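Structure, as structure tokens:
Every read-out reported here was derived from the displayed coordinates using simple, explicitly stated rules and does not represent laboratory data. As the structure is a prediction and not an experimental result, all values here were calculated from the model. For neighbour counting, all protein chains shown are included, and Cβ atoms are generated from backbone atoms with ideal geometry for every residue, glycine included.
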Amino acid sequence: LSQELVSQERKHRLLLQQEDPLALEDEVYRAYGLLKSARRISYDEAMSNLSSVRLGIATAVLDELDYQSWQQVFIECGAGSIQLRAGQELNQNQIAEQRAQFIREVFNK
């Protein structure tokens with residue numbers, strides 16, 4: 001089943017690249033730009049944009065970011081990880097601010 005999912009994902013990526021490569025590139029770079037510059041970002045917004053960036057890495061549309069940096073952000077941008085890094089309990093706005101700062105630090109290296 002997982003091999004079938006991987007195969008379907010690859011076909012979908014190829015189809016996106018062939019049908020409208022500029023739309024794919026635009027989606028990827030918009031997401032990457034937002035993540036590199038946001039000052040406050042929710043978990044859901046981060047995940048949505050990280051998904052687009054991952055697509056860009058997988059299709060070689062985005063070569064400014066390596067998979068390891070993406071994976072670090074993907075794994076560590078949950079509320080628990082953000083609060084652990086801060087060393088204290090944070091409210092939702094503070095978590096969103098700290099999340100954005102963390103993403104900027106990793107993506108702007």
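The figures follow:
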| read-out | value |
| --- | --- |
| Sequence-separation-based contact order of the chain, relative, with Cα cut under 8 Å and 6+ spacing, percent | 32 |
| For the range 82-89, 3J(HN,Hα) per residue [Karplus equation, 6.51 cos²θ - 1.76 cosθ + 1.60, θ = phi - 60°, Hz, x = Gly/Pro] | 5, 5, 4, 5, 6, x, 7, 6 |
| Whole-Hz couplings from phi, Karplus 6.51/-1.76/1.60, listed for the range 43-50; x for Gly and Pro | 4, 4, 5, 4, 4, 4, 6, 5 |
| GNM result for the chain, Cα springs below 10 Å: residue of Gly33, Gly80, Gly56 fluctuating most strongly | Gly80 |
| Efficiency of FRET from Cβ geometry, Leu84 and Ser51, R₀ 22 Å, rounded to 0.05 | 0.40 |
| Potential extension, Glu64-Leu14 segment - 0.36 nm per residue separation minus Cα distance | 15.9 nm |
| Folded to 0 to 90 degrees: helix 2-19 orientation relative to the chain principal axis, Cα | 80 |
| Proxy reagent accessibility, fewest Cβ within 10 Å first, across Lys36, Lys109 | Lys109, Lys36 |
| Estimated dipole of the chain in Debye, rounded to 20 [Cβ of Lys and Arg +1, of Asp and Glu -1, Cα centre] | 280 |
| Order of Arg40, Arg54 - criterion: other Cβ atoms within 10 Å of each residue's Cβ, fewest first | Arg40, Arg54 |
| Loop chymotrypsin sites (Phe, Trp or Tyr not before Pro), the range 52-107, which have at most 11 other Cβ atoms in a 10 Å radius of their Cβ (DSSP) | none |
